[in-house]
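The values are calculated or read from the model by the stated rules, or taken from the named source; none is laboratory data. Computed from a prediction, not measured in an experiment: that's the story for all the values here. With ideal geometry, Cβ positions are generated from the backbone for all residues, glycine too; neighbour counts draw on all protein chains shown. Only protein heavy atoms, including side chains, enter the accessible area calculation; ligands, DNA and RNA are left aside. Shrake-Rupley method; radii C 1.70, N 1.55, O 1.52, S 1.80 Å.
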Amino acid sequence: MVRVTPDWVPMARAVVIATGLCELAGAAALLTRRWRVAAGWAFALYALCVFPANVKHAMLDLGSETGLSWWYHGPRLLAQPLVVWWALWASGAVRGR
C-alpha cells in the first residue's frame with residue numbers, strides 16, 4: 001500500500017486517524033449555530049493542511065503506469081482554493097455578494 005501522507009509527517013497513521021475524527025467533529029459542529037463558523041474555519045484550515053498529501057498523491061500517480069491521470073489530479077489540485085472558500089462561505093464565516 002502506498003501512503004500519500006508526506007514522509008515529514010510524524011506518526012502518519014495517528015495523524016490520519018486524528019484528522020478523520022476532526023472531520024466527524026467538524027461535521028457535527030456545522031449542525032449547530034454556536035460552532036458553525038468555527039467549524040468553517042477549521043475545515044478551511046484542514047483543506048490547506050491536506051494540500052501536501054494531495055500533491056504527493058498526484059506525483060505518485062503521475063509517475064506510475066497504474067495511477068490516475070492528470071485529468072483527475074489537475075482539477076483536484078486547482079480546486080483546492082475553492083474548497084477553502086466553500087468551507088468559509090457555507091459556514092457563514094465569510095459573506096459573498
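Taking only protein heavy atoms and a 1.4 Å probe, what accessible area per residue, in Å², does the range 1-93 have with all protein chains in place?
Computed with neighbouring chains in place, this is 75 Å² per residue.
Here the Karplus relation 6.51 cos²θ - 1.76 cosθ + 1.60, evaluated at θ = phi - 60°, turns the backbone of the range 78-95 into coupling constants of 5, 7, 4, x, 5, 5, 4, 4, 4, 4, 6, 5, 5, 7, x, 5, 9, 10 Hz, with x for every Gly and Pro. Shown for the range 4-52 is the translational diffusion coefficient from the Stokes-Einstein equation, using the Kirkwood radius over Cα pairs, a temperature of 10 °C and a viscosity of 1.306 mPa s: 137 µm²/s. Potential lengthening of the chain between TRP8 and ASN54 amounts to 15.1 nm, from the contour at 0.36 nm per residue minus the alpha-carbon distance.
Percent of accessible area on the range 1-82 owned by carbon and sulfur, 1.4 Å probe? It is 71 percent, rounded to a whole number.
Evaluated at q = 0.12, 0.13 Å⁻¹, the base-10 log of the normalised Debye intensity for the chain, with identical point scatterers placed on the Cα atoms, takes the values -0.47, -0.55.
Between VAL94 and TRP89, the built amide H atoms are under 5 Å apart, and every one of these is 5 or more places off in sequence or on another chain. FRET efficiency for the pair VAL15 and LEU78, taken as 1/(1 + (r/R0)^6) with r the Cβ-Cβ distance and R0 = 25 Å, rounds to 0.50.
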